[in-house]
Every structure is written in structure tokens, then in C-alpha cells.
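Please read the structure below before turning to the comments.
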Amino acid sequence: MMKSNLQFDHEMLQNAITEIDEYAIILLNPEGDIIEWNTGAEKIKGYSADEIIGKNFKKFYTLNDINLKKPDVLLQQAKTFGKANDEGWRIKKDGTTFWASVVITAVHNDAGRLIGYSKVTRDLTLKKQYEDHLNRINNAISDVSDYAIILLNKDGIIQNWNKGAQNIKGYEADEIIGKSFTQFYLDEDIALNRPFQLLNEATINGKAHEEGLRKRKDGSTFWAHVTIYPVKNLEGEMTGFSKVTRDLTEKKTAETERLKYISEIENKNHELEQFAYIASHDLQEPLRTISSLTSLLSLSYKDCIDQEGVKMMDYLQDASSRMTNLITGLLEYSRIGKDRSFSKVNTSEMINGVIADLDSRIKAQKAEIIINKLPNIVASDLEIRQLFQNLISNGVKFHKPDSTPKVEISATENESEWVFEVKDNGIGIPEEDQESIFMIYKRLHPREKFEGTGIGLAHCKKITEVHQGKIWIESEPNKGSSFFFSIKKGLNKKG
Ligand code: ADP
């Protein structure tokens, strides 16, 4: 009874082993010839039992391993120590390889004599590929010197350390691996539990970002940009976090400097504008007195002064009216940007209005004005009108003596701005003057040739800047000029 039970158990075990398909379970005789072969072995290595029983297990080893006598060494080890473990590439029936984890156990009979070996093999190719992949990534990461790239376990304990981490934070790998990542945080952030809040955020959202101050080994601080991702294993379980840190101190300092510089320039500009406003405003008063007294003088004393005196009087009047123009221009210049009411402007209608205002000049010069399709924009109505007026009247004014002026206005758009063009067929502008003519009072010609104050283009430049745009020229002497200016789209009424 006892015996038949044993026989039954033995048979059951035999069948169970045969049917296991996750593990290749093989029996070898003492020479390494295969005597038993289960379903798992067939599945992993591709041979059926009929094909392989009787063959030597060396068949699965690579040429290199055979040259190194690895199969014999493993059997010898199992024979001596009872067991041999190995991992390595093995060959399947179809010639492809798989990564095998192997345990060979010596089997003895009741008398203690070696009668063969059992060999259990698992196919760990996927795991091996994953580990190789991780290793490759780790090697690449360890050489990165501009970014601190570290792995944390679930509790925030540092698992590895790359060159970048050393450069940025000042610790050597052996000083810091095994310590908590909270070391890098300022005391006040630790008190607020910020480090672990970030890990939580990464766990919940799949990512956490932060910019803030962090501590180096020597206690100094740096401005860090930190990104944390959860790390999962092959089975999808979270095993910890990856943490990438960049030192943005330089960038941050440069940005702070830039903002400081901008604010200084803004202050200076504001002071200059105030000065220009006050100066021009206060100068107007005595100038008005000079103008009116000169007129009065020339009227009241015209019979008492000679020809030469009349001429001088005319010069005086002319100069004071020019000075009035210059001062008015300066006053207007200082006021640009003060109009905070941006509204919808139909530029096509606006230009028709400008042309009507310039009618007498246009007619006198027999000028032709062409208006192409123009957009509605959001801008300061007053200032844009002034801008078009200056450019169109310049286009009419600076014409060649032998031809009638032709001015064409058009517009194009890109994603962020409208670009307008005012093109003429006039005298053109030499390349070396194309920047300086936007400076206040800059003129290229004597008054006798072309009248003006030299302030119109300075106005235009300031107006475009107020509309977050630019103004520029394409021109060739004697061929004409194109003035381009851009106006940012989507401008709001400024506060
Ligand atoms: P103004 O017209 O009162 O002289 P602006 O500031 O409008 O002052 O122009 C500055 C100078 O730029 C002009 O004196 C002229 O020399 C040059 N300029 C401006 N517009 C044109 C143009 N369309 N063609 C040629 N030169 C021009």
C-alpha cells in the first residue's frame, strides 16, 4: 500500500515537472547528456523531447562559452559543491539567443553515488534587456556634468550620484549616497515639508517641477530648477523617483540684472520725458512773448526802420516761429505714450482722413496716393494717426525734383503683429543715415531744400515702441524708400 502511494506520488511529480512551462527542467546523466525534457524546456529552447533527448547539454552554449569550457566547469562545480548557479546567453534551436538563469544540482542515488544532474533554466531575456538598458542610461547619466541626475528610493534616500550632482552640490558620491535628499533643502522648506510634498506631487501627477533655492555642501545656496518623476519597475510598481536639477543661478542673476537695468532705463526715460515736457512747456511762454512782440514791433515801427531792419525783423519772426515748432514738437514727443486708451482703429478710414487733411499739399505736388487693403487694429487712435500723417507727408515731401510723388500704403500680418509699409518713389535715404534719421531733430537736408523740424520720425519711432513694435527702412538713394512699422496684435487698454 505504502509502495503504491509512493509510486503514485512519484508519477504525479514527474507529470507536474513535465507540464511546467515557465521553467526548463532537464535531467542530465553524469556526462551531461539529456535524459529528461519538460514542456518548459521545449517552450524556452525550441526542441521537442524526441529531438533533444540523448544529446549533450553543451548544445545550448555559445562557442565562446564552449571554448572556455563553461559547461564542464558548471557540472564540475555542481558535482563538488552540490549546486552551480549561472546566468548567461544560451542558444535556442532556431539559433537565436536568450538570457538564461540556470541552477544545476547534482543528483545522487541512495548509495551517494552521482547519477546525474537536474538543471532548471529560466528565460530572463526581458529582465536582462531592461537591466542593460538601465545600465546604459546610468552610464550616460553618470557622465552628464551640467545636470544633477539622481535616483531616490520611495523614502527620498539617494541611490546614485552623477558628475553633474557633484559639480552642482559639491558632495562626492560616497558622502551622499544613502542619505536623504532633504539635505539640499533650506531649513524653512524642510519645516514646510516641501521636499516630501514634491515627491507626493510627482507620485500623483507623474511629474513635479520647482524652481527655488537649494543648499550646497558648503552651505552656500544656488537657484535650482528641479524636475521629479516617479520611477517604476518592469511590473509597473513604483520603486522611487528620478530627480533632475539644473543650477540656474547665473540665469537668475542675469535675469535680475536685466530687470534692474530695464527699470533703471524706464526711470531715466521717465525723467527725460518729464524734463522735455517741463522744458518745452515753460519755454513756450517767453517764446510767445518774443513772437508777439516781434510782430508788434514790425507792425508799429515798419515806417521807422530801413530795408535792412525789415529783413532782420523777418528773420527774427521766422526764427521764433521755427522755435515754436521745435518746442511744440518736443512737447508732443514727451506726451507720446500718455494716451492710455487703446481702441479699435480702422486704419483704412484713418488714412482717408489723413489724406483729406493733407489735401492741399497732395494737390500742390500732384501726388498719387494708393491705399491697399488695410486692417482694423487695436491701438491709440491719436498716435497711429500721427504716425501715418508723418510718413505720408514725408513721402509726398521728399520727392525727386523731376517726378511727381507716389505713395503706396499696404499691410501684412504675422502671428503676433501687423506690419505696415509706406512706400514712396522719392529721393531715397543713403544707408549710413537710415538709423540716425529716427533721432530727434535729425535732418539730412537744409531747410531751404525741404522744410521741417526733424522730429517727425522720432515721433514715429516712439509711437511704434509704445505699441510694442519697431520701425525700419528699406531705401536706395534716387529710387525711393519704404518705411515699415509693426504694431503688436492683441494690445489691451493699458492700466
Ligand atoms: P522732417 O521731415 O521734419 O525733416 P523727419 O523726422 O520726418 O523730419 O525726417 C527726418 C529726416 O529723414 C528728413 O529730414 C529727411 O532727411 C529724411 N526722410 C524722412 N522721410 C523721408 C523720405 N520718405 N524720403 C527721403 N528722406 C526722408
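The values are calculated or read from the model by the stated rules, or taken from the named source; none is laboratory data. These numbers were taken from a predicted model, which means no experiment stands behind them. Methodologically, a virtual Cβ is constructed for each residue, glycine included, from the backbone with ideal geometry; neighbour enumeration extends over all protein chains shown. Ligands, DNA and RNA are excluded from the accessible area calculation, which covers all protein heavy atoms including side chains. Shrake-Rupley method; radii C 1.70, N 1.55, O 1.52, S 1.80 Å.
Would you please name the residue that is farthest from the ligand (Cβ to nearest atom), looking only at residues in segment 391-405 that are of a type in the set (D, E, K, R) and under 24 Å from residue 454 (Cβ atoms)?
400
Which one of 395, 337, 329 is open to solvent by less than 70 Å² (accessible area, probe 1.4 Å), assigned to a loop (DSSP other than H, G, I, E, B) and under 25 Å from residue 442 (Cβ atoms)?
Answer to the check: 337.
State which residue is nearest to the ligand (Cβ to nearest atom) when the search covers only segment 471-495 and only residues that are surrounded by 15 or more Cβ atoms within 10 Å (Cβ to Cβ) and part of a loop (DSSP other than H, G, I, E, B).
The residue in question is 491.
Please find, among 292, 298, the residue that is part of a helix (DSSP H, G or I), at pLDDT 85 or above and over 47 Å from the mean Cα position of the chain (by Cα).
Answer to the selection: 292.
Within segment 27-145, considering only helices (runs of 4 or more DSSP H) that don't extend past its boundaries, which have at least 1 residues that are among the β-branched types (Val, Ile, Thr) and open to solvent by 40 Å² or more (accessible area, probe 1.4 Å)?
Per the criteria, 39-45, 63-67, 70-81, 125-143.
Considering (1) of a type in the set (Phe, Trp, Tyr); (2) more than 9 Å from the ligand (Cβ to nearest atom); (3) within 30 Å of residue 319 (Cβ to Cβ), say which one residue 441 fails and leave the rest.
(2)
Which one of these is at pLDDT 95 or above, small (Gly, Ala, Ser) and in contact with a helix residue (DSSP H, G or I) (Cβ under 9 Å, 6 or more places away or on another chain): 32, 40, 54?
Only one candidate passes the filter, namely 32.
Can we say residue 457 is assigned to a loop (DSSP other than H, G, I, E, B) and either within 12 Å of the ligand (Cβ to nearest atom) or open to solvent by less than 80 Å² (accessible area, probe 1.4 Å) (or both)?
no
Those residues that are touching a Lys or Arg at 6+ places or on another chain (Cβ under 9 Å), in contact (Cβ under 8 Å) with a residue 40 or more places away in the chain and not polar (S, T, N, Q), I need them from segment 304-335; list them, please.
Scanning segment 304-335 gives 322, 333.
Only one of these is acidic (Asp, Glu) and either assigned to a loop (DSSP other than H, G, I, E, B) or in contact (Cβ under 8 Å) with a residue 40 or more places away in the chain (or both): 432, 451. Name it.
Result: 451 is the single residue among 432, 451 that is acidic (Asp, Glu) and either assigned to a loop (DSSP other than H, G, I, E, B) or in contact (Cβ under 8 Å) with a residue 40 or more places away in the chain (or both).
Does at least one position in segment 165-178 carry a residue that is farther than 19 Å from residue 144 by Cα and hydrophobic (A, V, I, L, M, F, W, C)?
Within segment 165-178 (the criterion being farther than 19 Å from residue 144 by Cα and hydrophobic (A, V, I, L, M, F, W, C)), the answer is no, since none of the residues qualifies.
Give me the pairs, please: first residue somewhere in segment 477-493 and more than 15 Å from residue 407 (Cβ to Cβ), second residue anywhere and among the aromatic types (Phe, Trp, Tyr) and surrounded by 20 or more Cβ atoms within 10 Å (Cβ to Cβ), beta-carbon distance under 6 Å, and either six or more positions apart or on two chains.
Pairs that qualify, where the first residue is more than 15 Å from residue 407 (Cβ to Cβ) and the partner is among the aromatic types (Phe, Trp, Tyr) and surrounded by 20 or more Cβ atoms within 10 Å (Cβ to Cβ), are 487/418.
Could you please let me know if residue 370 is on the phi < 0 side of the Ramachandran plot and within 10 Å of the ligand (Cβ to nearest atom)?
When the stated conditions are applied, residue 370 does not pass them.
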